[in-house]
Amino acid sequence: MFDVAVLLGDPRLPYGYNPSNRFEQQDYDAVRSMQDALETLEGFRFRFLDDHGCLWRTLMDGPSALVLNFCNTGYRNNPARQHHVSALLEMLELPYAGAGPESIVLCHHKFLVYALAKDLGIPVPRQVLTRTGHPAACDRASYPAFIKPNGGDGSFGVDTNSVVHDVEEAKRRLVELEAIMPGQEVLIQEYLPGPEYSVGVIGNPQTGYTVLPPLEIDFSALDERLPPIMTYQSKVDPDSPYWRKLQFQQARSEDACRRMTSHAGLLFERVGCRDYARMDFRTDSDGEVRLIDLNAHPMWGEGGMLPTMAGYLGQSYPQFLESILGAARARLSL
C-alpha cells in the first residue's frame, strides 16, 4: 500500500476568510466528499491531518511516502500563510504534492505574475498598481475599471462595487477597501467585458502535463443589475446569487481555447507550478483573451473548477484526485 498523508485546514481554529470566522458547512462537505473519493482509490492508504497544533510532530513521528497538501486555509487557518505549509514540508524534507512556497508567494502578487506573462507574450489587462489609501492613482486609470486586491486569492475584496465607471467611483471604492484592508496594494484594471474562462493543468514539465479543456463561467442567470464577475460571495455565501446562479460550461470558442491552452503551458513552466494549477482569463472588447489570475495552489473540491474541467475529459472526481497523486509520484520518482 502507498501511504499518503493529506494536509487540511484546522476546523478547531478560527478561519478569518469566512464571514463567520469559522468553518462552514460547505467546508466540511468539501472535505468529506474528498475523503470519500480518495478512499475509493486502490493501492493507497490515507490519513488526514487537520490539527495544526501538532502538525510538525505528527509529520515527523509517522512520515508517509507522500504528503498531499490540500491545506488551502493556510497554516493555522491564516490565508496569508498558505506558503508556510509547503515551507514546513520543505524543512522536514518530506515529498509532497502541490506547489512549492516560492510559486505560492509569487501567485499572491498578481502584478508580478502579469509582468512574467507579458514577458512571455501573453496579453494582460492595462492596469495601475496602487494602495487603498492613495486615491490619486485613480486619475491615471482608464474606465470602466475593475478594482481588486493585488495579493491573496479567493476573490477576497471583490464584490458588486468592484466595477467602477469613473474616477469618483474608483476613489470611493478605494475608501471602502481601506476600511477592510488598510494600506494594502490594489490593482485598478481595465474592465474586460467579454467571457470569463478558467484553464487547469495537471502534471509537470519534466514528466509531461495535460492542459484540461477550458471552462467558461456562465453569468446569464444573474440579475442584469449585477456585474458579471466572480465575487467573494460566490465562494462563501450559499444565499448569494453569485453562489446560486453562476454555472460552469465547457468553453465553446475554439480560437480562445487554443490560445489559452498555449498560454497555460507557458505560465505553468515559467512560474514553477507543480502537479496542478489553474489560470483564469477574460476577453476584452476586441476579442483578445487576457490573463486575469494564476493560482498555483487552487481549490480541489468536488464541483469546483478543476474537477469540472477534468470531467470534460471523462474523469470522475476520484480519478481527478488520483491524477494529482500520479503527477507528484512521477515528478518525485516514487
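Each reported figure results from applying straightforward, stated rules to the coordinates on display, with no laboratory input. Fair warning: this is a prediction, and the values are worked out from it, not measured in the lab. Note: ideal-geometry Cβ built from the backbone for every residue, glycine included; neighbour counts use all protein chains shown.
Okay, here's what the table says:
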quantity	calculated
Charged-residue dipole, Cβ positions (Lys, Arg, Asp, Glu), the range 2-97 about Cα centre, Debye nearest 20	300
C-alpha center-to-center spacing [the range 27-56, the range 276-299] in angstrom	29
Lysine pairs within the chain, Cα separation less than 24 Å, 8 or more sequence positions apart or different chains	9
Long-range HN-HN contacts of residue 100 with modeled amide H, under 5 Å	274
Inter-centroid distance (Cα atoms) of the range 196-261 relative to the range 1-26, Å	24
Listed residue (67, 52, 88) projecting farthest to the positive dipole end of the chain, Cβ model	88
Overall form of the range 187-334 per C-alpha gyration tensor (a/c, 1.5; a/b vs b/c)	prolate
Tail weight of P(r) past 21 Å, computed on alpha-carbon pairs of the range 127-190, percent	7
Modelled FRET efficiency - R0 45 Å, residue 179 with residue 1, Cβ distances, 0.05 increments	0.30
Residue among 298, 334, 232 farthest towards the positive dipole end of the range 207-334, charges placed on Cβ	334
Residue order, fewest to most beta carbons within 10 Å, for 83, 297	83, 297
For residue 148, distant residues with modelled amide H under 5 Å away	187, 189
Gain on full stretching of the segment that runs from residue 56 to residue 299 - 0.36 nm per residue minus C-alpha separation	85.2 nm
Relative contact order, percent, the range 195-239 [alpha-carbon distance under 8 Å, six or more residues apart]	30
Integer Hz, Karplus 6.51/-1.76/1.60 couplings in order for the range 246-253, x for Gly and Pro	7, 10, 9, 9, 5, 4, 9, 6
Residue order, fewest to most surrounding Cβ atoms within 10 angstrom, among 31, 289, 158	31, 158, 289
CD proxy at 222 nm, helix term only [per DSSP H run n ≥ 4: -39500 (n - 2.57); per residue of the chain; nearest 500]	-10000 deg cm²/dmol
Calculated FRET efficiency for the pair residue 270/residue 12, C-beta based, R₀ 30 Å, to 0.05	0.20
Electrostatic dipole magnitude of the range 127-190 [Cβ: Lys, Arg +1; Asp, Glu -1; Cα centre; debye, to 20]	120
Residue exposure sequence - 207, 308 - by fewest surrounding Cβ within 10 Å	207, 308
Taking the chain and dividing mean pair separation by its residue count, relative contact order in percent (alpha carbons under 8 Å, at least six apart)	19
Coarse-grained scattering of the range 2-97 at q = 0.12, 0.14, 0.19 Å⁻¹, given as base-10 log I(q)/I(0) from a Debye sum over alpha-carbon atoms	-0.37, -0.51, -0.92
Mean separation of Cα contacts under 8 Å, 6 or more apart, over the residue count of the range 1-114: relative contact order %	32
Amide H contacts of residue 73 (H built 1.01 Å from N, under 5 Å, at least 5 apart or other chain)	9
Distance in nm between pseudo-label sites at residue 45 and residue 28 (7 Å out along the Cβ direction from Cα)	2.9
Bridge type composition, the chain - antiparallel percent by DSSP, nearest 5	75
